[in-house]
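Report on one structure; see the data block that follows.
The values are calculated or read from the model by the stated rules, or taken from the named source; none is laboratory data. For clarity, every value in this text was computed on a predicted model and none was experimentally measured. Virtual Cβ from ideal backbone geometry, glycine too; neighbours counted across all protein chains shown. Surface areas here come from the heavy atoms of the whole protein model, side chains and all, with no ligands, DNA or RNA. Shrake-Rupley method; radii C 1.70, N 1.55, O 1.52, S 1.80 Å.
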Amino acid sequence: MRLGCCASLDALDAVRDAGFAYVEPRVVDLVPDDDETVYAPIRRRIQDVGLPAEAFNVFVPAHHPVVGPKRDRPGLRAYVDTAMGRMSELGTRVVVFGSGPARTTPSGYDRHRVPDEILEFLSLVADAAAPYDLDIVIEPLWREVCDNINTVLEAAVVARQSGISRVAALADWWHMKREREPLTNLAESRDRLRHVHVPVPPLPGSPSQSTDAGLPEFLRALTAVNYSGRVSIEDNGKRFECFSRQAPQALAYLRTHLRR
């Protein structure tokens, strides 16, 4: 497995120095709505760090809704095309489709229309990603932040329904814990599982978090289903107080618990 870390652009050097194999920034930080003059210094900043940006998250901002009556298909396609081109320049292999605000059903809108609209969006994204050989992974979000695709198994089902091999599923222990999703769903989703997020694990001297319980079992379940892809730490609970000191500790924890 390759171990990385989700991070903002101002933390790239720290992620590299901590020993991670890659960094996972946000697509929105590539400013796909802006032209090359705005983007150029951002590209240079990422490339100069010398750490591959193999994955990106926060794909679609709220002002580009994926579902609902305000969908602007041409505008969404332009955004996606630009984003894909910019990620490809950075050596990206995976883009995470969480984007809760963009995919949540608008108030008063017919929820029965949403699944087809999400599949339509995934088809659009896969078409834009094909020239760059990028995978799209659907991130399940717990239902307090999104009203659809709340479990890994649901994400795998949608990926299969798309009929597109580059559309896959993500497992995130933070969301699985909150949804009380059984670890057996990892085995049922193994054919489509292509990316993983984990919260910051227990650290020496750090207060406990709700996600600590069950995390070792989650990591063991990944190895049990022969998952061999990328695993990114995401600091959902704001646990890092001193990244330079604690990030190597978190990385060591994952290496220990993911050792086959």
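Could you tell me whether segment 94-114 includes any residue that is farther than 24 Å from residue 6 by Cβ, part of a helix (DSSP H, G or I), among the aliphatic types (A, V, I, L, M) and open to solvent by 50 Å² or more (accessible area, probe 1.4 Å)?
no
Just to be sure I understand, how many residues within segment 115-138 are more than 17 Å from the chain's Cα centre (by Cα) and surrounded by 22 or more Cβ atoms within 10 Å (Cβ to Cβ)?
Residues in segment 115-138 being more than 17 Å from the chain's Cα centre (by Cα) and surrounded by 22 or more Cβ atoms within 10 Å (Cβ to Cβ): 0 in total.
Can you give me the number of residues within segment 238-252 that are free of Cβ contacts under 8 Å to residues at least 24 places away in the same chain and either touching a strand residue (DSSP E or B) at 6+ places or on another chain (Cβ under 6 Å) or not in a helix (DSSP H, G or I) (or both)?
2
Kindly indicate which of 69, 41 is over 18 Å from the mean Cα position of the chain (by Cα) and in a helix (DSSP H, G or I).
41
Enumerate the pairs (first residue in segment 163-177 and under 12 Å from residue 222 (Cβ atoms); second residue anywhere and polar (S, T, N, Q) and assigned to a helix (DSSP H, G or I)) with beta-carbon separation below 9 Å, excluding pairs fewer than 6 apart on the same chain, so at least 6 apart or on different chains.
171/185; 173/211; 176/185
Of everything in segment 222-237, what is outside any strand (DSSP E or B), among the small types (Gly, Ala, Ser) and within 17 Å of the chain's Cα centre (by Cα)? Give them in sequence order.
228, 229, 237
Mind listing just one residue for me: the one in segment 14-45 that is β-branched (Val, Ile, Thr) and in contact with a strand residue (DSSP E or B) (Cβ under 8 Å, 6 or more places away or on another chain) and, of those, surrounded by the most Cβ atoms within 10 Å (Cβ to Cβ)?
In this case the residue turns out to be 23.
If you check every pair at least six apart or on different chains, which have Cβ atoms under 6 Å apart with a residue in segment 208-220 that is free of Cβ contacts under 8 Å to residues at least 24 places away in the same chain first and a residue that is not in a helix (DSSP H, G or I) second?
Matching pairs, first to second residue: 212/202.
Quick test for you: out of 129, 171, 159, 187, pick the one residue that is in contact with a strand residue (DSSP E or B) (Cβ under 7 Å, 6 or more places away or on another chain) and under 24 Å from residue 212 (Cα atoms).
When all the criteria are applied, what remains is 171.
Take residue 196 and tell me if it is closer than 25 Å to residue 92 by Cβ and part of a loop (DSSP other than H, G, I, E, B).
no
Before we move on, is residue 212 among the acidic types (Asp, Glu) and closer than 20 Å to residue 238 by Cα?
The answer is yes for residue 212.
Looking only at segment 62-71, decide whether some residue is among the charged types (D, E, K, R), surrounded by fewer than 21 Cβ atoms within 10 Å (Cβ to Cβ) and under 24 Å from residue 197 (Cβ atoms).
Among the residues of segment 62-71, not one is among the charged types (D, E, K, R), surrounded by fewer than 21 Cβ atoms within 10 Å (Cβ to Cβ) and under 24 Å from residue 197 (Cβ atoms), which makes the answer no.
Consider segment 1-13. How many of its residues are touching a strand residue (DSSP E or B) at 6+ places or on another chain (Cβ under 8 Å), open to solvent by 40 Å² or more (accessible area, probe 1.4 Å) and more than 20 Å from residue 219 (Cα to Cα)?
Qualifying residue count, segment 1-13: 1.
In segment 170-179, is there at least one residue being buried (at least 21 other Cβ atoms within 10 Å of the Cβ) and part of a loop (DSSP other than H, G, I, E, B)?
Checked segment 170-179: no residue is buried (at least 21 other Cβ atoms within 10 Å of the Cβ) and part of a loop (DSSP other than H, G, I, E, B).
Open to solvent by less than 30 Å² (accessible area, probe 1.4 Å) and more than 27 Å from residue 129 (Cβ to Cβ): which single residue out of 158, 152, 200 fits that description?
Going through 158, 152, 200 in turn, the sole match is 200.
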